[in-house]
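Peer 1: Below is a structure I'd like to ask you about.
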Amino acid sequence: MKLHLGREDGKASANQLLRDDAKFAAQKIAFFQYLTVAVFLFLITGFWDLQIRNPEVYQERALENSVKSIPVLAPRGKILDRDGRVIVDNHDSFGLYLSRENLKMEHLRPIAEGLNLDYESLVARVRRFQTRGAPQYEPIPIKEELTPGELAFVDSHKDANTFPELEVVHVQHRLYPRDGLAAHVVGYVGEVSEAELNSPEFANFHQGDVIGKDGIERQYNDQLMGVDGQRRVEVDSFGNERHVLDDKEAIPGKNLQLTIDLDLQAVAELTLENRRGAVVALDPRTGEVLAMVSRPAFDPNLFAGRIRSKDWKDLVDNPAHPLMNRAIQAQQAPGSTFKPIMLLAGLETGAIDDNFHITCPGGATFYGHFYKCWGRHGTVGLHEGLVHSCDTFFYNVGNRMDIDDIAHYAEMVGYGHKTGIDLPHEAEGIVPSRRWKIRTQHEKWFAGENISVAIGQGATTVTPLQMASAIGGIAIGGMWFQPHLVPEVHLLPARRGEVNLENVRKVIDGMYGVVNEGGTGVRAKLPGIDVCGKTGSAQLVSNGAIKAGFKVAADMKDNAWFVGFAPRDNPEIVVATLFENGEHGQLAAPIVRDVLKAYFDKKARLGQPQPQLARLPSDLLQAPRRVPATSGAANQ
């Protein structure tokens, strides 16, 4: 009985297990069915959202993975001379950029090796762009002026599987004249630096932007720069363009016309060949700069891309300072070219008059010190004193005057202040006075110091541009116009000095005698043209030091100056030149003469009647008459 019950219980338990397994299996099947339905509903919802509800959003996200933003760089405006001839142009080239959207740092080393770039410099450049916070779509320029070999390397490696960040961009680089022609006038361009980006002047620029660094390029950077454009293109997996999505064209910069005359500029450049110095030619009636030269010069084309470290070091370490614009930055003692200002100041203050004469035995003693004259001139008056540049005469003029009166007239003609020319980094020079000495040396002025100032020595310094402007203003009767290189620039009103025109005439007559009456500037004489001028030799080593045995090196010899204008009445041009270590002003005179000659030769050439084409008689220009056909001819 017990055995029977045990069998019955075992059978009941087995049936219960079978029922439990079937129930469990059904539950699992139901769970997977519900899960399948949920996944399907999720996919359907996503499909609905993607295709029906917000297709534009997801399409844009998809395109971002296959769209490239390519910069379209705006060319800078050309720089022209006064006749419309091109001084600075652009030329087509290709530059290499890194797309930041596809950039991978591990690619930089093979890219640097393939393009012969310094790896560390490339990494540092990329890091700078990343830390400056530039927009992600702005690419990073890494190489300019790609060679055919470099273009081939980029073309074979820019696919999606190699270096998708490589992007070749068509650019227009600056093309400057050869041999440094007008280099200091036009300046050069370069990539904006970290320091410049931190200044208010360049607050709107970004890392990698090319800006004007010096000269006209810097002064008128906003006008010359254009507005960059951008192309957004869809590319395939190999980096090939499929079609253009957006094309924003670049706006080129504006052309800029200067007052420079290329013909005069070229002649002025030649006059300073293999010399150190500067030449400035102005129209005294307007202040227009006709030519401006500084030598030695440099090649601005070195800066058109990114200048090599070696080239930059060579320029900076050059003892001749080729980057210095001597026309507006060389502050040198004017020497005897200061004597016309001294003569005018003496006459205006009443320190001297027409009857003032001195005897020059070769020098004079003042305050217990003997001051040497460069010659023995005998009895000297106003006219002879300027014509023969007698130091003894002007020692006496200076001794009769107060230093502040001398400073007043020096400042009246423009010394001691910037001229306001539209170029950066102009120097202002020095006009000594009591106030100046107290401020700079904390000492009072001594009367004996007037003697050196009277002949353009001592603390007085001027630039070649200041000298041209000063003498040009005297030449036209005591009016000074602001020197400028761009005609449309906003100018200050002309300054008129309160001077007696009779005294001005005496100064002009003396400068005429310097060139045409056997004076120190006879080498500036031109046939048929009334040239007026003044020589100057400015010491860099004192006579006392020379007597003490100081050996004067080549770069310590006297500077030679000459300033001249023409014609004598109604002057049209004034030219000043500084010939560094030229020793004698008479050696600088031919430089000015050649520039003046070029000016008047061109004027004569343009003033001549143009040759007319030979014309045929009017009857030969008429159409031939038709001969009526005869009846016989008609029957043939």
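The values are calculated or read from the model by the stated rules, or taken from the named source; none is laboratory data. Quick caveat, the model's predicted, so the values are computed rather than measured. Neighbour counts run over all protein chains shown; Cβ positions are idealised from the backbone, glycine included. Heads up: the accessible areas ignore ligands, DNA and RNA and are worked out on the full protein's heavy atoms, side chains in. Shrake-Rupley method; radii C 1.70, N 1.55, O 1.52, S 1.80 Å.
Peer 1: Go through Lys525/Lys557; Lys104/Lys313; Lys213/Lys418; Lys143/Lys313; Lys339/Lys597 and tell me which ones have a Cα-Cα distance over 23 Å in this structure.
Peer 2: Beyond 23 Å between Cα atoms: Lys525/Lys557; Lys104/Lys313; Lys339/Lys597.
Peer 1: Sticking with this structure for a sec: Hey, how many Å between the Cα centroid of segment 463-526 and the Cα centroid of segment 339-369?
Peer 2: One Cα centre to the other: 21 Å.
Peer 1: For segment 67-257, what relative contact order do you get, as a whole percent, if you take Cα pairs closer than 8 Å and at least 6 residues apart?
Peer 2: 35 percent
Peer 1: Can you tally the net charge around His173? Count Lys and Arg as +1, Asp and Glu as -1, for every other residue whose Cβ sits under 9 Å from the Cβ of His173.
Peer 2: Spelling it out: positives minus negatives among the neighbours equals -2.
Peer 1: Next question. Between Rg and the Kirkwood Rh of segment 250-389, both from Cα atoms, what is the Rg to Rh ratio?
Peer 2: That ratio equals 1.15.
Peer 1: Note down the accessible area of Trp480, probe 1.4 Å, to the nearest 10 Å².
Peer 2: My reading of the accessible area for Trp480 is about 10 Å².
Peer 1: Quick one: Debye curve from the C-alpha atoms of segment 67-257, no solvent, what's log10 I(q)/I(0) at q = 0.13, 0.14, 0.19 Å⁻¹?
Peer 2: The computed values of log10 I(q)/I(0) come out as -0.76, -0.87, -1.40.
Peer 1: So for segment 308-437, what percent of the C-alpha to C-alpha distances run longer than 19 Å?
Peer 2: 61 percent
Peer 1: For segment 391-485, which GluC sites (Glu not before Pro) pass both filters: DSSP loop (anything but H, G, I, E, B) and at most 14 other C-beta atoms within 10 Å?
Peer 2: Glu443
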